[in-house]
Amino acid sequence: LSMAYPPGAGGPPMGMGGPPPNGMPPMMQPQKQVVDFGEPNCTLYIKNINEKYSKAKVLVETKALLRKTFSPYGEINDIVALSNFYDKGQAFVVFKDLSSAQKALQAEQGQILSLPSLGGGKDMVIVFARSKSDFKAKEDGSFQPRPKRMRPKPPTGAKKGASD
């Protein structure tokens, strides 16, 4: 079955069949993601770091790589990356000023962080931290110690009651 379209129309109207203008089916077209970077502050929260980089023995190397990656954008006051079960794959970078943090967020968003000794880098996801860092709070005198949160112990793989 063939349909004729008026000269110059080029094909069916939009949404009436035929390929989309860029040639990709609608489900394959890149989607624009709206990312909420949070309220701007001097502390960046970085996630999606390869979890191998959070092991205690390579944590120093990971922090050094973060410092090398982010220092071109401004002075860094502190870097926090932890190796416990719940905090693997994430870090905080505290800049001296807001403009440095904003430049770093824009420039490094989605860049791959890869340790030469381990490889396997992943695209970083960077947002502003939800709260002021302890470093900045101590600096401006507003630091309030937080109560320790009790987290459940990470799973070990042993089943309950298996030791009977």
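The values are calculated or read from the model by the stated rules, or taken from the named source; none is laboratory data. Since this is a predicted model, take the numbers as computed values, not measurements. All Cβ positions, glycine included, derive from the backbone under ideal geometry; neighbour counts span all protein chains shown. To get the accessible areas, we keep the full protein, side chains included, count just its heavy atoms, and leave off ligands, DNA and RNA. Shrake-Rupley method; radii C 1.70, N 1.55, O 1.52, S 1.80 Å.
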Sole miss for Arg146 among (1) over 13 Å from Phe37 (Cβ atoms); (2) open to solvent by less than 100 Å² (accessible area, probe 1.4 Å) is condition (2)
Condition test on Gly11, is it part of a loop (DSSP other than H, G, I, E, B), modelled with pLDDT under 90, farther than 24 Å from Lys138 by Cα and touching a Gly at 6+ places or on another chain (Cβ under 7 Å)?
yes
Identify the residue in segment 111-121 that is open to solvent by 80 Å² or more (accessible area, probe 1.4 Å) and touching a residue at least 12 places away in the same chain (Cβ under 8 Å) and, among all such residues, is farthest from Glu39 (Cα to Cα).
Ile112
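When you go through Leu82, Leu98, Leu66, Leu105 one by one, which is the residue that is open to solvent by less than 50 Å² (accessible area, probe 1.4 Å) and without any contact (Cβ under 8 Å) to a residue 60 or more places away in the chain?
Testing whether each residue is open to solvent by less than 50 Å² (accessible area, probe 1.4 Å) and without any contact (Cβ under 8 Å) to a residue 60 or more places away in the chain leaves just Leu66.
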Taking the conditions exactly as written (touching a residue at least 40 places away in the same chain (Cβ under 8 Å), of a type in the set (Lys, Arg), more than 22 Å from Asp36 (Cβ to Cβ) and part of a loop (DSSP other than H, G, I, E, B)), does Arg151 satisfy them or not?
yes
